[in-house]
Amino acid sequence: MKIFTIACFCIFSTIVCKAIEKDSREIKYAAVLAAAAVVLFHSVAFVKDLISVFEDLFTLSGIDDMYLSILFKSLGICYIVQLASDYCKDCGENALASQVTLAGKLAMLSVSLPLFKAFVEIVKALLI
């Protein structure tokens with residue numbers, strides 16, 4: 001039911017933003033950013049449930065918690081970069097959107113380095 005409320009809020013916010021776009025584009029962009037922040041804040045409830053399920057699955061499987069941490073950091077980076085990139089594109093700043101995307105890719109690579117290291121260790125152990 002919460003997703004229905006979020007969807008209705010987004011539709012209403014879109015209508016309001018389109019109505020004020022003719023008068024002031026700056027206020028429209030601020031309203032879009034505020035609406036996105038509200039939706040992101042209310043979407044955190046979904047994430048809490050996912051985190052608890054994934055923690056239980058990782059505990060049952062005996063997989064190191066480091067991998068769960070990498071998973072959630074990567075997911076967070078993806079959502080933040082997508083939100084920022086879309087906002088930059090909506091404002092007509094495609095170059096900034098590309099730079100945010102590049103920074104996100106580098107951040108994902110940085111976060112996933114422990115996975116690459118573990119992979120190399122596994123391959124090394126198999127070859128010896």
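The values are calculated or read from the model by the stated rules, or taken from the named source; none is laboratory data. On a predicted model such as this, the values are computed, not experimentally measured, just so you know. Ideal geometry is used to build each Cβ from the backbone, glycine not excepted, and the neighbour counts take in all protein chains shown. Accessible surface is based on the protein model in full, side chains and every heavy atom, while ligands, DNA and RNA are left aside. Shrake-Rupley method; radii C 1.70, N 1.55, O 1.52, S 1.80 Å.
At-a-glance table
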{"quantity": "Nearby aspartates and glutamates by direct alpha-carbon distance to LYS48 (threshold 13 angstrom, same-chain neighbours under 8 apart not counted)", "calculated": "ASP56"}
{"quantity": "Taking the convex hull of Cα positions in the chain, its mean projected area over all directions (nm²)", "calculated": "10.4"}
{"quantity": "Helix-only mean residue ellipticity at 222 nm for the chain, each DSSP H run of n ≥ 4 adding -39500 (n - 2.57), per residue, nearest 500", "calculated": "-32000 deg cm²/dmol"}
{"quantity": "Pairwise label distance in nanometres, THR14 with SER52, each label 7 Å out on the Cα-Cβ vector", "calculated": "3.2"}
{"quantity": "Assigned charges on the beta-carbon of Lys, Arg, Asp, Glu; the chain dipole about Cα centre (debye)", "calculated": "260"}
{"quantity": "Fraction of accessible area attributable to carbon and sulfur, the range 1-82 (%, probe 1.4 Å)", "calculated": "74"}
{"quantity": "Mean accessible surface per residue for the range 1-123, computed with a 1.4 Å probe while every protein chain stays in place, in Å²", "calculated": "73"}
{"quantity": "Folded to 0 to 90 degrees: helix 25-61 orientation relative to the chain principal axis, Cα", "calculated": "30"}
{"quantity": "Relative packing of peptides 11-17, 71-77 - highest average C-beta neighbours within 10 Å first", "calculated": "71-77, 11-17"}
{"quantity": "Neighbour net charge for CYS91 - beta-carbon separation under 13 angstrom, K R +1, D E -1", "calculated": "-2"}
{"quantity": "Around LYS2: net Lys/Arg minus Asp/Glu count, Cβ-Cβ under 14 Å", "calculated": "0"}
{"quantity": "Lysines whose Cα lies under 21 Å from that of LYS117, excluding same-chain neighbours fewer than 8 positions away", "calculated": "LYS73, LYS105"}
{"quantity": "Highest to lowest packing among 48-54, 96-102, scored as the average C-beta count within 10 Å", "calculated": "96-102, 48-54"}
{"quantity": "Set of lysines with alpha-carbon distance to LYS18 below 20 Å, sequence-local pairs under 8 removed", "calculated": "LYS28, LYS89"}
